[in-house]
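I am attaching a structure below and will ask some questions about it afterwards.
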């Protein structure tokens, strides 16, 4: 009997088929992978560019805006300060209008001298010296001030002393009570010229129904004519300008 050829085992055929299908990558496969990598690169670059753009919008621009706002604020403050100094009130040689009362805010003998001079020359009927130190009376003022006989007589007959006021607002509150007590419709304020803008602002809010006039006093110990060269005058003016802004915007 003739022996027939033996068929290959089925398992071996399956293994051979699997081995051929999972063989080494061809050149076409490598080229395909390279193309996919190249196509993905622009997407990565575009993503990085978008991220940088977002950083520019949300990082750099707000900082520039804040810097610009700060520069504008400082410029406005400097310009406002210069205007404040250049427009400080000055004593006038024009004919003065009579007022019902004079309010002198303490802070120097020049203010008291100016107030008494106005009073004795008939520009008001009464005078209030606001913010006098505790224990100071008319007799002490006569001793400290070089007053004429008319000024001494006016001091004792027509001047009232206030010991309670501690600041400009206190001066205005006491002046309001004093004006109401004597039914006054007009007041003349006597204080330093650099203090006058803030004093007028505070008094106008505290006594809106009374006409206010000013008599600014130029302190002898401050060189306001050359304020940019005098550190003391510059410091006084900057501090007063800051107080004025605080009152103006603070109400």
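What follows is calculated from the coordinates using simple rules that are stated; it is not laboratory data. Because the structure is a prediction, the values reported are computed rather than measured. With ideal geometry, Cβ positions are generated from the backbone for all residues, glycine too; neighbour counts draw on all protein chains shown.
How big is the range 57-164 in terms of Cα radius of gyration and Dmax, in angstroms?
Final numbers for Rg and Dmax: 23.3, 77 Å.
For the range 222-251 and the range 133-183, write down the distance between their C-alpha centroids in whole Å.
Their Cα centres are 27 Å away from one another.
Turning to a different aspect of this structure: I need 244, 213 ordered by Cβ neighbour count within 10 Å, fewest first.
Numbers: 244 20, 213 17.
Least to most surrounded, the residues fall as 213, 244.
Another question, if that's okay. Mind ordering 234-241, 114-121, 61-68, 190-197 by average Cβ neighbours within 10 Å, highest first? Don't skip to the end; give the middle numbers.
Details: 234-241: 16.2, 114-121: 20.8, 61-68: 9.9, 190-197: 22.8.
Sorting 234-241, 114-121, 61-68, 190-197 by mean packing, highest first, produces 190-197, 114-121, 234-241, 61-68.
While we're here: By per-residue mean of other Cβ atoms within 10 Å, what is the highest-first order of 88-94, 136-142?
On the way: 88-94: 11.0, 136-142: 13.7.
Top to bottom by mean Cβ count within 10 Å: 136-142, 88-94.
Decide, for the range 121-174, between rounded, prolate and oblate: order the square roots of the alpha carbon gyration tensor eigenvalues as a ≥ b ≥ c, take rounded if a/c falls under 1.5, and otherwise choose prolate if a/b is larger than b/c, else oblate.
Details: a/c = 2.69, a/b = 1.42, b/c = 1.90.
Oblate, because a/c is 1.5 or more while a/b does not exceed b/c.
Right, next: Given N residues in the range 156-244, what is Rg(Cα) / (2.2 N^0.38 Å)?
Numbers: Rg = 14.9 Å, N = 89, 2.2 N^0.38 = 12.1 Å.
Against the compact-globule rule of thumb, the ratio is 1.23.
I need the Debye-formula profile for the range 99-250: one equal scatterer per C-alpha, no solvent, reported as log10 I(q)/I(0) at q = 0.10, 0.12, 0.14, 0.21 1/Å, two decimals.
Ignoring solvent entirely, the Cα scatterers give -0.35, -0.50, -0.68, -1.38.
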